[in-house]
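*Asks:* Quick one: this structure, given as structure tokens, is what I'll be asking you about.
Every number in this text was worked out from the coordinates using simple rules, so none of it is lab data. Bear in mind the structure is a predicted one, so any value in this text is a computation, not a measurement. Note that we place each Cβ from the backbone using ideal geometry, even for glycine, and neighbour counts take in every protein chain shown.
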Amino acid sequence: MKFPLASLALAVALLPCLPEPSHAENKVTFPPAGHGGTQQPAPVGGQDAGHGAAQAAAHGNTAAPAGGHAVGPAAPAEGEALCQGFGPQTPRDIGNPFGRNPVSFGLAPPPEEMNLCNIHTHTNAEHLGPGFSIYAGPGEHGGFKCAGSANLSPAELSRPSGPARFDGVEPGDTIEVHWVYSSCDVAPGPGLGSCLSDSCSNPELRVESQVFLVVNDPNALDFRDFIYLGTMRGGHYQARDLPSGTGAPVVFRGSTTGPSYSQQTCSPLQVTWSVRPRCARLDISTLDAWAGMGNIFEETHSHGVRRLVTAPALLSQIE
């Protein structure tokens with residue numbers, strides 16, 4: 001998500017159905033044959049390795065080539081210089097723990113000990129994970145899709161009528177939702193600026209992330225269960241709840257995201273990430289309802305993605 005330039009004086013843009021994918025068409029071959037760039041080590045367990053306000057939804061489907069594998073994102077071309085002197089970057093393949101970025105920092109406290117300062121969504125997953133590994137293409141409308149996203153019924157793919165609409169998302173889309181937490185004494189609000197204050201310009205930041213497969217199904221999860229409605233616990237602003245049942249979150253050190261950043265133009269902020277590895281089904285009518293409620297974050301549409309970071313020099317080691 002891209003925040004106003006005024007907020008960037010202190011910081012930069014900030015900012016997963018339940019079954020594990022097991023079919024070849026849900027896997028990513030990375031890097032694709034014929035692409036140069038930094039070689040990635042094989043991930044543990046034998047898995048394949050592998051916001052900018054964007055108001056248009058990312059609906060493109062990438063056909064699987066011969067062999068049944070979705071073509072993964074291209075590695076950086078040889079000769080493209082990586083940014084230097086920055087800490088670990090995000091998004092990443094959460095199934096591959098390898099990284100050799102030398103910058104380390106303490107992990108942020110758990111969310112219940114911090115203040116919720118922002119909630120926003122990205123169309124398609126920014127991260128690559130076991131439950132969201134179908135490559136959707138490069139650029140801010142790319143990213144990754146949930147397993148099962150190509151096997152939905154016409155009813156699940158229909159858009160319910162109603163007075164409100166959350167733009168940039170259609171039934172069948174994948175979205176990655178970010179709950180952003182700050183160590184500052186701040187209240188929830190729009191943009192990264194809500195996570196900072198005049199007296200707290202360098203906070204600890206934490207992002208809780210869940211990837212959803214958006215469907216027209218009243219039996220799917222209700223997004224309003226996870227929003228901010230004035231909840232405070234232990235003196236901290238909190239979401240009503242955070243998603244569960246989608247696997248133990250993968251916790252790692254990274255950065256803010258956004259399509260204005262790349263492996264050549266890095267984000268300077270240090271962020272603790274907590275990314276759940278599997279998708280959950282989300283009823284689109286509840287996302288529309290959130291927009292219709294006039295949420296405090298002024299979120300009316302889903303945002304674009306930052307391209308996957310793959311260079312080990314820009315990644316932390318997942319502990």
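*Asks:* In percent, what relative contact order does the stretch 126-183 have, based on Cα pairs under 8 Å that are 6 or more apart in sequence? Can you show the working numbers first?
*Replies:* Numbers: 49 pairs, mean separation 15.3, N = 58.
Value for the stretch 126-183: 26 percent.
*Asks:* I would also like to ask the following. Report the gain in length on full extension from Ser161 to Ser104: 0.36 nm times residue separation, minus Cα-Cα distance, nm rounded to one decimal. Spell out each step's value before the answer.
*Replies:* Working: separation 57, 0.36 × 57 = 20.52 nm, distance 4.85 nm.
Computed gain between Ser161 and Ser104 is 15.7 nm.
*Asks:* A further question on this structure: Please give, to one decimal in nm, the separation of the simple spin-label points placed at Leu82 and Glu112, each 7 Å out from Cα toward the Cβ.
*Replies:* Going from the Leu82 label point to the Glu112 one covers 3.8 nm.
*Asks:* For the pair Cys200 and Asp241, what calculated FRET efficiency results from E = 1/(1 + (r/R0)^6), where r is the Cβ-Cβ distance and R0 = 30 Å, to the nearest 0.05?
*Replies:* The pair Asp241/Cys200 has a calculated efficiency of 0.70.
*Asks:* What does the highest-first list of 230-240, 186-196 look like by mean Cβ count within 10 Å? Don't skip to the answer; put the middle values down first.
*Replies:* Values: 230-240: 13.4, 186-196: 21.3.
Listed from highest to lowest mean packing, they are 186-196, 230-240.
*Asks:* For the stretch 216-237, list residues with backbone N below 17 Å from a point placed 7 Å from the Cα of Met293 toward its Cβ?
*Replies:* Backbone N within reach: 220-233, 237.
*Asks:* Also, I was wondering about something else. Rank by packing, highest mean first: peptides 121-130, 207-216, 146-155, with packing defined as the count of other Cβ atoms within 10 Å averaged across residues. Working shown, then result.
*Replies:* Details: 121-130: 28.6, 207-216: 26.2, 146-155: 16.7.
Those peptides, ordered most packed to least, come out 121-130, 207-216, 146-155.
*Asks:* Among 112-119, 295-302, 101-108, how do they line up from the highest to the lowest mean number of other beta-carbon atoms within 10 Å? Don't jump to the answer; show the numbers that get you there.
*Replies:* On the way: 112-119: 22.1, 295-302: 18.9, 101-108: 13.9.
Ranked from most to least packed, the peptides come out as 112-119, 295-302, 101-108.
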